[in-house]
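The values are calculated or read from the model by the stated rules, or taken from the named source; none is laboratory data. Remember, predicted model here, so these are calculated numbers, not experimental data. Cβ sites come from the backbone with ideal geometry, for glycine too, and all protein chains shown count toward neighbours.
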Amino acid sequence: MKLISAELILPITRPLIKSGAVLIKDKRIAKIGPRKELKKGYPSAQEFHYPLLMPSLINAHTHLELSGIGLINQKDFVSWLIEIIQKKRELDRLKIEQSAKQEIEKSLNLGILSLGDIISEPIMFQVHNQSPLFSTLFLELIGMRERELSAKLEMAKTILGEFNYQLGNNRLGLSPHSAYTAHKELYRLAKILAKKQKLALCTHLAESEQESELVRTGAGEIFNSLYPLVNWQDIKPEPSWRSPAQYLKEFIDEELSLVHCVEVSDEDIEILCKAKAVVHCPRSNLNLLGKLAPLPKMLKAGIPVALGTDSIASAGDLNLWEEMKRVLELRNQYPGGEIKPFEILKMATINSARAIFRENELGGIEQGKIANLIAINLSHLPEQIEELSEAIIETGEKALGAIFIAGEKDSTSSGN
């Protein structure tokens, strides 16, 4: 058993604990309480003591397999997509594997111990299986020809079945890519399979004006430029005269996480309230679109908003600390109001755990949850939650101390 104590414990899911401690047993949090009481009750437990203890961070959305491509500096969304597709075709298996492993190591060293990773390359399941992280692996589904969809689902079943028994710390999921790359029937089939096999489910939604244009009118730049590149010249989407959120409304519920949701109206936000969570990727959205999602409106509506980096190709790196800093910097510039610092910490922890369908085991310091914890070495510890949250975010990874993965201290992390 281990006792991890701190001057302040920030559980995220409950109030601050002064001079507290967390008892770790069998990789999980066994007890939380006053340090004095737990030291007395468990005198033989090995103790680690820090200024501040909080849950590890969770990157709710990324595409790790694209890490070898690097940042693509295209300001036009469709041009960026086209370059992604072209450069991905040039990546070999070794490059994908090596770059992904490097980014997993970087995430670990930053105290980011879980990812929501979108996967189209089966090698990525093996990469994650060898990783100590606690991630959710979403197998990407793409297909617009209705006659091909059943075969695509069968292939997905085969791939998931192959890796179902060698998951390591991970769980499986499905990800119909988007309304402009996945037929509605593919969403329906994915929902059925996810329910049957207890899989997590997520999709990109309302990321760009071009997506909205295609869904609404059946035409535009995606149809003119992207579809020919992937040999979809024969596909002509029917105009729906609806927004992407309205178009996929029948599939949006507690069993589906949504990513981006930049191009949404107040009416759309009512639909988003039914989703598991909405994942915000601020640096990616700003780099590609020059826009931000209306987070304050979503939060006021009660939507759990999570935080992700998206891929290196759009964000530049997978550093969730930088995402939090960007939200903090722009907290007064979001459409619809201000975002408070503690809300940002929730986005990177418990809300992200929810977005990757692991909120019952990750994202907070609670009894029974996996002991994925990080120590923060702040010289001054404000006892007011918003001031403390702001200090944590502003200082970022520079104040990161010890990192505990399932209760085991990572040997490469700093701190005693």
Fill in the blank from the handout: Per the list (1) without any contact (Cβ under 8 Å) to a residue 60 or more places away in the chain; (2) farther than 23 Å from residue 274 by Cβ, residue check on residue 336 breaks on (2)
Completion exercise
Scanning region 198-215 for residues that are out of contact with any helix residue (DSSP H, G or I) (no Cβ under 7 Å at 6 or more places or on another chain) and assigned to a helix (DSSP H, G or I), the one surrounded by the fewest Cβ atoms within 10 Å (Cβ to Cβ) turns out to be 209
Fill in the blank from the handout: Selection over region 298-325 where residues are assigned to a helix (DSSP H, G or I), touching a strand residue (DSSP E or B) at 6+ places or on another chain (Cβ under 7 Å) and closer than 21 Å to residue 177 by Cα yields a count of 0
Exercise for the section: Can you run down the residue pairs with Cβ atoms below 6 Å, 6 or more apart or on separate chains, where the first is in region 316-330 and among the hydrophobic types (A, V, I, L, M, F, W, C) and the partner is surrounded by fewer than 18 Cβ atoms within 10 Å (Cβ to Cβ)? Expected result: 321/396; 321/397
Fill in the blank from the handout: Within region 129-154, the residues that are more than 25 Å from the chain's Cα centre (by Cα) and of a type in the set (A, V, I, L, M) are 144, 149, 151
Problem - region 173-197, residues that are assigned to a strand (DSSP E or B), free of Cβ contacts under 8 Å to residues at least 40 places away in the same chain and under 16 Å from residue 260 (Cβ atoms) - result: 176
Exercise for the section: Test residue 389 against the stated conditions and say whether it is of a type in the set (S, T, N, Q) and in contact with a Phe, Trp or Tyr (Cβ under 9 Å, 6 or more places away or on another chain). Expected result: yes
Exercise for the section: Consider residue 275 carefully, then state whether it is of a type in the set (A, V, I, L, M, F, W, C), farther than 21 Å from residue 359 by Cβ and not in a strand (DSSP E or B). Expected result: no
Completion exercise
Over region 293-315, the set of residues over 14 Å from the mean Cα position of the chain (by Cα), crowded, with 18+ Cβ neighbours inside 10 Å and not hydroxyl-bearing (Ser, Thr, Tyr) is 293, 294, 295, 296, 297, 298, 299, 303, 313
Completion exercise
Within region 376-395, the residues that are surrounded by fewer than 17 Cβ atoms within 10 Å (Cβ to Cβ) and not in a loop (DSSP other than H, G, I, E, B) are 385, 386, 387, 394, 395
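Condition first: part of a strand (DSSP E or B) and at pLDDT 95 or above. Can you find one or more residues in region 348-368 that meet it? Write out each step before concluding.
At the first step, the residues of region 348-368 found to be part of a strand (DSSP E or B) are none.
No, because not a single residue in region 348-368 is part of a strand (DSSP E or B) and at pLDDT 95 or above.
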Handout entry: Checking residue 363 against (1) without any contact (Cβ under 8 Å) to a residue 24 or more places away in the chain; (2) under 20 Å from residue 117 (Cα atoms); (3) small (Gly, Ala, Ser), the condition it does not meet
Key = (1)
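Run down 121, 83, 140 and say which single residue is surrounded by 14 or more Cβ atoms within 10 Å (Cβ to Cβ), out of contact with any Phe, Trp or Tyr (no Cβ under 9 Å at 6 or more places or on another chain) and either over 27 Å from residue 235 (Cβ atoms) or touching a residue at least 40 places away in the same chain (Cβ under 8 Å) (or both).
Result of the check over 121, 83, 140: 121.
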Exercise for the section: Could you list, in sequence order, all residues of region 1-44 that are without any contact (Cβ under 8 Å) to a residue 24 or more places away in the chain, over 19 Å from residue 409 (Cβ atoms) and surrounded by 14 or more Cβ atoms within 10 Å (Cβ to Cβ)? Expected result: 17, 33, 34
Handout entry: Unmet requirement for residue 369, which otherwise passes all of (1) surrounded by fewer than 19 Cβ atoms within 10 Å (Cβ to Cβ); (2) charged (D, E, K, R); (3) more than 15 Å from the chain's Cα centre (by Cα)
Key = (1)
Practice task
Taking the residues in region 216-244 that are part of a helix (DSSP H, G or I) and among the hydrophobic types (A, V, I, L, M, F, W, C) as candidates, determine which candidate is nearest to residue 81 (Cα to Cα).
Solution key: 226
Exercise for the section: Might you check whether a residue that is more than 16 Å from residue 61 (Cα to Cα) and more than 14 Å from the chain's Cα centre (by Cα) occurs anywhere in region 114-122? Expected result: yes
